[in-house]
Amino acid sequence: QVQLVESGGGLVQAGDSLRLSCSASGRTISTYAMGWFRQAPGKEREFVAGINWSGSTTNYANFVKGRFTISKDNAKNTLYLEMNSLKPEDTAIYYCAADARHLDMVRGDYWGQGTQVTVSS
């Protein structure tokens with residue numbers, strides 16, 4: 001089994017930047033597609049960004065395009081999400097996920113416990 005642990009969340013002001021990390025252990029993620037999801041109170045979990053197994057292809061939800069950047073460091077077995085120009089509506093619990101059965105992020109086989117991001121206006 002792969003264990004995923006998110007970190008880097010916190011309380012920031014609108015317009016600030018934040019970098020989230022997802023550290024994997026147990027197995028290498030070098031052949032896994034991975035992604036970030038988020039869930040705000042009273043809302044369903046939604047897709048934020050995805051990256052294919054090699055890190056050569058990325059995909060973003062429309063509401064974060066131009067602001068967020070997903071990256072994958074296979075050597076460090078870590079997934080990152082660089083968030084810029086944060087908005088209050090970005091407030092949510094952010095989760096990382098790994099897809100062990102597809103080249104691109106399709107569904108999560110493994111999930112982290114989440115990290116809270118709060119953006120004040």
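The values are calculated or read from the model by the stated rules, or taken from the named source; none is laboratory data. Quick caveat: nothing in here was measured; it's all calculated off a predicted structure. All Cβ positions, glycine included, derive from the backbone under ideal geometry; neighbour counts span all protein chains shown. Side chains are part of the model used for accessible areas, which takes the heavy atoms of the whole protein and leaves out ligands, DNA and RNA. Shrake-Rupley method; radii C 1.70, N 1.55, O 1.52, S 1.80 Å.
Quick look at the values:
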{"item": "Single match in G112, G108 (criterion: modelled with pLDDT of 95 or more and out of contact with any His (no Cβ under 9 Å at 6 or more places or on another chain))", "result": "G112"}
{"item": "Residues located in region 69-102, provided they are assigned to a strand (DSSP E or B) and not aliphatic (A, V, I, L, M)", "result": "T69, S71, K72, D73, T78, Y80, E82, Y94, Y95, C96, D99"}
{"item": "Selected residue (criterion: nearest to T28 (Cα to Cα)) from residues of region 69-111 that are open to solvent by less than 30 Å² (accessible area, probe 1.4 Å) and polar (S, T, N, Q)", "result": "N77"}
